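The values are calculated or read from the model by the stated rules, or taken from the named source; none is laboratory data. Just so we're clear, the structure is a prediction, and the values are computed from it rather than from any experiment. A quick note on method: Cβ atoms are made from the backbone with ideal geometry, for glycine too, and the neighbour counts reach across all protein chains shown.
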Amino acid sequence: MGFQYSIDDRRQVREIRVATLWNRLPLTTTHHPANHWSKRTVMFWVPLLTIIAYGLLHSLLASRSVKRRIRVAIGERAYEGFYRLAYNVLSAILLAPIIFVLLVTPSQEVWRIPMPWAAVCLLIQTGSLIALIAAILQADPLRFAGISQALAYLRHEPLPLPPEPLQVRGFYGLVRHPLYLFSLLVLWPGPIMTDTLLGVAVGVTLYLLVGSRLEERRLAAEFGAAYTAYRRRVPWLLPWPRPRS
């Protein structure tokens, strides 16, 4: 009987812990039945919806129809010289509402990871941040930012610039989207998670997952068979080893 009680007691403790964590998540309002939009729910959904709105606007500005209209409006050479830079600057400006929401929205703690695991999480975040910077530098960061194109326009050099090569080495030989992978590893392993940060983390994750699929369509259209072979050889987002064919 004592042994059976011990097993039941442990099971009950586990159930209580899971229920406690679930009740702390801001996804539902069961702990505030009288108020459908409880404070905790708002603190989760406001950042999440702000990120989603940013992603939709960001994708709209990168759509073919918008690009075509801009190309017609300002001319081919000006488009090739300044579209990328203007797109990145506008994207940075559009981040201001998200930062404002994070600053003004009060937050409550959802979970806290104790030591020594908190130190492990910080090491993962630090290493991922360094890897993210290295992956950016592996490509052409000036061209990615649009600075190279703008300088070529101002210097009266030929535009568009020569096509970029398909990145398949280094971090791009580990996964097809190392920038997204390391961004998520910077975002999620934080030892302290609040409901506001959780909304941001979920929103950014959804944005990167959808964005990776859209980016793959563009790369497949641009590089054709070379990208198809690369996609067969290298995993999408998680570095799982693939069997050799």
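Data for the structure
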{"item": "Test: residue 65 is small (Gly, Ala, Ser) and under 22 Å from the mean Cα position of the chain (by Cα)", "result": "no"}
{"item": "Cβ-Cβ under 6 Å pairs, at least 6 apart or on other chains, the range 55-77 side closer than 27 Å to residue 200 by Cα, far side among the acidic types (Asp, Glu)", "result": "none"}
{"item": "For residue 110: the one exception among (1) modelled with pLDDT under 80; (2) hydrophobic (A, V, I, L, M, F, W, C); (3) in contact with a strand residue (DSSP E or B) (Cβ under 6 Å, 6 or more places away or on another chain)", "result": "(1)"}
{"item": "Any hit, the range 153-161, residues being part of a helix (DSSP H, G or I) and either in contact with a strand residue (DSSP E or B) (Cβ under 8 Å, 6 or more places away or on another chain) or free of Cβ contacts under 8 Å to residues at least 12 places away in the same chain (or both)", "result": "no"}
{"item": "Matching residues, the range 90-118, being free of Cβ contacts under 8 Å to residues at least 12 places away in the same chain and either assigned to a helix (DSSP H, G or I) or among the hydrophobic types (A, V, I, L, M, F, W, C) (or both)", "result": "92, 93, 96, 99, 100, 103, 104, 115"}
{"item": "Which listed residue is modelled with pLDDT of 55 or more, more than 23 Å from the chain's Cα centre (by Cα) and among the aliphatic types (A, V, I, L, M), from 74, 51, 16, 93", "result": "74"}
{"item": "Candidate set: the range 167-212, residues that are under 27 Å from residue 233 (Cα atoms) and of a type in the set (Gly, Ala, Ser); chosen: the one nearest to the chain's Cα centre (by Cα)", "result": "183"}
